[in-house]
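Report on the following structure.
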Amino acid sequence: MGKILILGAYGKTAQIVTERLLAETNLKLKLFLRNANRLADLKDNPRIELIEGDTTDALQLEAAMQDVEIVYSNVGGVDLAQTTQAIFTAMEATGVKRLIFYSALGARHEVKGKFGEWNENAISSYLPGFRKSATLIDKHQDIDTTELRPAWLTDQDEVDYEITKKDENFKGTEVSRKSVADVVVKIIKVPTLYAHESIGINKPDTAGDRPAWM
């Protein structure tokens, strides 16, 4: 029975991924988060190990990665690049080779037109971290990373998405967290899927100057 490490496990998408993996697989899950009490309802599940820690601390991450096959990072924040470097340092120290990395649209300067301009302004404080992380991903080719670049996230109860590759312009303005979770679960089930790729994820037919609710 393999083990998956989920970083930032209290995130909404991460919780959907956790729920689906428990329901659809026999995998054991290490859930890493700053305050483990937030997921206290899972503490008695024999397939769950709750780990409280700091994702910018490479030594803490290294300890958490023991016996792990895949790391799924659901971490954000303005210090994302620091976390990303810590993840790679820990993975290289432990020999873990598969990473699913939750980034955002704009990380690769792939969002064009008026929506691209709007997006640059809307998440201007976070984009430097996403872009530095993208550079680190490209630098660490020894780690098999799938970088996810979802559109603006919704809590819609739907799985409806399309994929764009790194060399393609981004499509659409929004996507549900359930859709992004579906991509993550598919990769965990088939780890060769989107290997060494950066993929955009959006709901079809949602193109515009900004998300519809803005």
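Worth pointing out:
- Only a single item in (1) within 23 Å of Gly11 (Cα to Cα); (2) touching a strand residue (DSSP E or B) at 6+ places or on another chain (Cβ under 7 Å) is not met by Lys166, and it is number (1).
- Scanning region 124-160 for residues that are of a type in the set (Ser, Thr, Tyr) and within 18 Å of Ile100 (Cα to Cα) yields Ser133, Thr135, Thr145, Thr146.
- Qualifying residue in region 61-82 (condition: touching a residue at least 60 places away in the same chain (Cβ under 8 Å), surrounded by fewer than 15 Cβ atoms within 10 Å (Cβ to Cβ) and within 30 Å of Pro211 (Cβ to Cβ)): no
- Set Ala86, Ala104, Ala151: member being open to solvent by less than 10 Å² (accessible area, probe 1.4 Å), touching a residue at least 40 places away in the same chain (Cβ under 8 Å), closer than 26 Å to Lys189 by Cα and not polar (S, T, N, Q): Ala151
Yes or no, residue by residue, for (1) acidic (Asp, Glu); (2) over 18 Å from Ala207 (Cα atoms):
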residue	(1), (2)
Phe88	no, yes
Ala93	no, yes
Lys97	no, yes
Phe115	no, no
Asp138	yes, yes
Ala151	no, no
Val159	no, no
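- Among the residues making up region 107-145, those that are open to solvent by 10 Å² or more (accessible area, probe 1.4 Å) and of a type in the set (D, E, K, R) are Arg108, Lys112, Lys114, Glu117, Glu120, Arg131, Lys132, Asp138, Lys139, Asp142, Asp144.
- Test for Thr25: is it closer than 20 Å to Asp144 by Cα, surrounded by fewer than 17 Cβ atoms within 10 Å (Cβ to Cβ) and β-branched (Val, Ile, Thr): no
- Residues that are open to solvent by less than 30 Å² (accessible area, probe 1.4 Å) and over 14 Å from the mean Cα position of the chain (by Cα) within region 182-214 comprise Asn202, Thr206, Pro211, listed in sequence order.
- Of the criteria (1) within 22 Å of Leu27 (Cα to Cα); (2) open to solvent by less than 20 Å² (accessible area, probe 1.4 Å), which one Glu52 fails: (2)
- With respect to being over 23 Å from His196 (Cα atoms) and either basic (Lys, Arg) or at pLDDT 95 or above (or both), Phe130 falls outside the description.
- Within region 160-181, the set of residues being in contact (Cβ under 8 Å) with a residue 40 or more places away in the chain and either within 19 Å of Tyr72 (Cα to Cα) or open to solvent by 10 Å² or more (accessible area, probe 1.4 Å) (or both) comprises Asp160, Tyr161, Glu162, Lys166, Glu168, Asn169, Phe170, Arg177, Lys178, Val180, Ala181.
The values are calculated or read from the model by the stated rules, or taken from the named source; none is laboratory data. Small disclaimer: the values here were computed from a predicted structure and weren't measured. Heads up, the Cβs are rebuilt from the backbone with ideal geometry, glycines too, and the neighbour counts pull from every protein chain shown. Accessible surface is based on the protein model in full, side chains and every heavy atom, while ligands, DNA and RNA are left aside. Shrake-Rupley method; radii C 1.70, N 1.55, O 1.52, S 1.80 Å.
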